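Since the structure comes first, as structure tokens, the remarks are kept for the end.
The values are calculated or read from the model by the stated rules, or taken from the named source; none is laboratory data. Remember, predicted model here, so these are calculated numbers, not experimental data. Every residue, glycine among them, receives a Cβ derived from its backbone with ideal geometry; neighbour counts consider all protein chains shown. Please note that ligands, DNA and RNA were not included when accessible areas were found on the heavy atoms of the full protein model with its side chains. Shrake-Rupley method; radii C 1.70, N 1.55, O 1.52, S 1.80 Å.
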Amino acid sequence: MQDTPPVTLSLAGCRLEARAAGTLWWPEQRLLCVADLHLGRAERTARRGGALLPPYETRDTLTRFEAEIAACAPRTVVALGDSFDDDSAAEALEAEERALLARLTARAEWVWISGNHDPAGPGGTALPELALGPLTFRHIAQAGASGEISGHWHPKIRLSLAGRALSRPCFLSDAARLIMPAFGTYTGGLDCRRPPLAGLMAPGARAVVIGRPMLCIPLAAQAA
């Protein structure tokens, strides 16, 4: 999706770019942000007696993110938590997946933001949140926050394209905050018009739908 132009967003006076793959680029800081990689989800699901999913999602997620790093050449990468499905999933990565992750973390200053149930990854720096200029990067949005970039909720929006009903991952953006879509291959999503997402976003918020084409949709125009 590198040929799909990003959507420019403004938050706390900073110019940001929502990219079609679901990453966020801050050109001024050469910072690339990703949320909710959920590496190892297939392994964790199988370990807990769930469905046996094809065990390729970790490699697919990392390969797609590698393409984003190649396209942006970031100085800093911020992973907004839930980068692994749990501690055991991190330990169960295959050798090839570990090697790929190690190559990626060596290409930039890497910050692992703590999620609600995952460990920090190998390499880089682990932080509960990161304040950089007027922006704060954290895993879960906080009521009343300003200049906040977060993940956790895996926002999606239902829409109709060419007569087909679809559910697509999206960024949520208003004057105070930006909530990012989940990047992991096997991640689900939460309807952005439902609680708690609907209550977090201020009047005038919009959904930026990722993929091809990228769409900007005022949330007020989307009746529940």
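Of the listed residues 129, 109, 57, the order by accessible area with a 1.4 Å probe, largest first, is 109, 129, 57. The residue 165 and residue 10 beta-carbon pair, evaluated with R₀ = 25 Å, returns a calculated FRET efficiency of approximately 0.20.
Share of carbon and sulfur in the accessible area of the range 119-224 stands at 58%, probe radius 1.4 Å.
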